[in-house]
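Okay, so here's the structure we're looking at.
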Amino acid sequence: MVTNGTLHLDLMCWQIPDEIWESCQDVLHRYDPPRITGRKRIAQRLALSGVLYHLHTGCCWNRLPRQFGDDSSVHRTLQRWKRSGAWEEMRAILRGAGLLMLPEERNERIDVTASVS
């Protein structure tokens with residue numbers, strides 16, 4: 001959508017549905033609990049939405065829309081999830097919900113020229 005010469009992205013479509021987020025949040029509590037000390041983390045749900053946007057669009061991390069938070073923080077969060085093992089479980093949850101596809105699944109094409117027997 002373009003308003004006053006400025007591009008506005010509808011990022012609501014990247015918001016994780018509540019029931020899926022609850023499952024992912026359970027995983028995060030097990031693998032990546034909140035820290036008591038140190039730098040405050042970015043919102044985990046927002047980071048997950050940013051990760052999905054990055055994976056689906058293929059955009060560079062430094063081109064991630066600001067609405068998802070700082071691009072470096074989102075990337076560091078994903079790396080932390082990968083190191084802890086949380087990402088593997090969350091990825092399975094997201095795939096099961098149809099929110100994440102493997103590259104080979106995205107590249108599948110339906111052959112509309114195939115004859116129906």
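Readers should treat all values here as calculations from the given coordinates under stated rules, not as data from a laboratory. Given the structure is predicted, the values throughout are model-derived calculations rather than measurements. Glycine also receives a Cβ, built like all others from the backbone with ideal geometry; neighbour counts cover every protein chain displayed.
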Open item on the list: Using a 7 Å offset from the Cα along the Cα-to-Cβ direction at both R63 and E88, what is the distance between the two label points in nm, to one decimal?
Closed with: 3.2
Task: Highest to lowest packing among 31-44, 55-68, scored as the average C-beta count within 10 Å - done: 55-68, 31-44
Open item on the list: Report, to one decimal in Å, the Kirkwood hydrodynamic radius for the stretch 42-100 based on all distinct Cα pairs.
Closed with: 11.5
Open item on the list: Given a Förster distance of 25 Å, report the FRET efficiency between E19 and R76 from their Cβ-Cβ distance, rounded to the nearest 0.05.
Closed with: 0.40
TODO: Report ³J(HN,Hα) in whole Hz for each residue of the stretch 58-71, in order, from the Karplus equation J = 6.51 cos²θ - 1.76 cosθ + 1.60 where θ = phi - 60°; Gly and Pro get x.
DONE: x, 5, 5, 4, 6, 10, 5, x, 4, 4, 8, x, 5, 4
